[in-house]
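What follows draws every value from the coordinates through simple rules; no lab data is involved. Nothing here was measured: the structure is a model prediction, and the numbers come from that model. No Cβ is skipped: glycine too gets one built from the backbone with ideal geometry, and neighbour counts run over all protein chains shown.
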Amino acid sequence: MGMLLGAPVWYGNRPFRKTLEELEKLGLDFIEFSLDYPLPDCMDAAEKRGFKRVLEELDLKIGFHSPLDTAIAHPRDEVADACSTVLRACLAFSADFIPRLHYYNFHLNPRVPTFKLKDVREGIKIKGLERCRELMHIASELGVVMSVENDLVPFEWSDLILEALARFTPEIQLTFDVGHAIMAELIHSGRKMHSGSYQDYLQRWITRYGEKILVVHVHDCACTGDGMQDHLSLGSGELDFEMVFDLVKSTSCKYLVVETFWKNKEKIRMDYDAMRSNVEVCRSYL
């Protein structure tokens, strides 16, 4: 079986039935459903049953994206404890979608200003790995497959994610976001991207952990002019997707999310016609 193609769905895409029907028409196999506030609490039992029924009718599978504000590896225990409480509820919610559930995607690196300091990162890593161990135990009991996503942190600062993958595989796998891997290096170095230079940024992740990649988030990036922007419609930025997909196909990726939010750098929102074009581009390379 080849890679399955999916698209992101979030609270702003209501009514969900209409959104899922439109995505199914595009030939997508699954959705990655974001549980940002007020989800999942706002979805009562009846609405949840209806949501599951639509997935079944359309034969769509589902992955989940953890709330972006759940910093389970936050160095302040009070914050991490609160986030862990939220994450437990989200995991329980997602487990109810088994057997249609593919994975639960989450971010691990906390967003704290002092993260750039090596001694701070080391302390965060120690605490974060223990939090991650607890999370893996909960997910294992629920039967949920966990996948940690690289975020806007350079490879050299990603020890927490890399160590978690080394320690907890196969309980935890990697969601590789192509744009994040590129933008993280450019943002933190202050460099402009030269043609083809970003291949090295992708290759280092894939060389080290390509066999642990379960999910890939693909989107275009504009990096060479004034200002930078990711999550662009494929073809509206500067990435060479023949090269990108050759790298993706060299990994163990099973699920490809077309995570495109904008048609162009002016942040015109994607529509279904634009998403159809993106799906066709992906199919042409897979």
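When the stretch 123-143 is examined, which residues are found to be in contact with a helix residue (DSSP H, G or I) (Cβ under 8 Å, 6 or more places away or on another chain) and of a type in the set (D, E, K, R)? Let's see the steps before the verdict.
First, pick out the residues of the stretch 123-143 that are in contact with a helix residue (DSSP H, G or I) (Cβ under 8 Å, 6 or more places away or on another chain): 124-125, 127-129, 131-136, 138-139, 142-143.
Residues satisfying the conditions are Lys125, Lys127, Arg131, Arg133, Glu134.
Among the residues of the stretch 243-252, is any among the acidic types (Asp, Glu), outside any helix (DSSP H, G or I) and either exposed (fewer than 14 other Cβ atoms within 10 Å of the Cβ) or at negative phi (or both)? Walk me through it before giving the result.
So the first thing to find is which residues in the stretch 243-252 are among the acidic types (Asp, Glu), and the list is 246.
Narrowing further to those that are outside any helix (DSSP H, G or I): none.
The answer is no; no qualifying residue exists.
In the stretch 260-268, is there at least one residue being under 16 Å from the mean Cα position of the chain (by Cα) and surrounded by 14 or more Cβ atoms within 10 Å (Cβ to Cβ)?
yes
Which residue pairs have Cβ atoms closer than 7 Å, lie 6 or more positions apart in sequence or on different chains, and pair a first residue in the stretch 251-270 that is touching a residue at least 40 places away in the same chain (Cβ under 8 Å) with a second residue that is of a type in the set (Asp, Glu) and outside any loop (DSSP other than H, G, I, E, B)?
That search, which allows pairs on different chains as well, returns Ser252/Glu211; Val257/Glu32.
If you check Leu152 against the conditions, is it in contact with a helix residue (DSSP H, G or I) (Cβ under 9 Å, 6 or more places away or on another chain), closer than 21 Å to Leu247 by Cβ, without any contact (Cβ under 8 Å) to a residue 40 or more places away in the chain and aliphatic (A, V, I, L, M)? Steps first, please.
Details: in contact with a helix residue (DSSP H, G or I) (Cβ under 9 Å, 6 or more places away or on another chain): yes; closer than 21 Å to Leu247 by Cβ: yes; without any contact (Cβ under 8 Å) to a residue 40 or more places away in the chain: yes; aliphatic (A, V, I, L, M): yes.
For Leu152, the condition - in contact with a helix residue (DSSP H, G or I) (Cβ under 9 Å, 6 or more places away or on another chain), closer than 21 Å to Leu247 by Cβ, without any contact (Cβ under 8 Å) to a residue 40 or more places away in the chain and aliphatic (A, V, I, L, M) - is met.
Quick one: in the stretch 125-150, of everything that is among the small types (Gly, Ala, Ser) and part of a helix (DSSP H, G or I), which residue is surrounded by the most Cβ atoms within 10 Å (Cβ to Cβ)? Show your work before the answer.
Quick first cut of the stretch 125-150, residues among the small types (Gly, Ala, Ser) only: 128, 139-140, 143, 147.
Now restrict to residues that are part of a helix (DSSP H, G or I): 128, 139-140.
Details: Gly128: 25, Ala139: 21, Ser140: 13.
Only one residue tops the list, namely Gly128.
Identify, from the list Ser84, Ser34, the residue that is of a type in the set (Ser, Thr, Tyr), touching an Asp or Glu at 6+ places or on another chain (Cβ under 9 Å) and closer than 16 Å to Tyr104 by Cα. Spell out how you get there, then give the answer.
On the way: Ser34 fails: touching an Asp or Glu at 6+ places or on another chain (Cβ under 9 Å).
Matching residue, one of Ser84, Ser34: Ser84.
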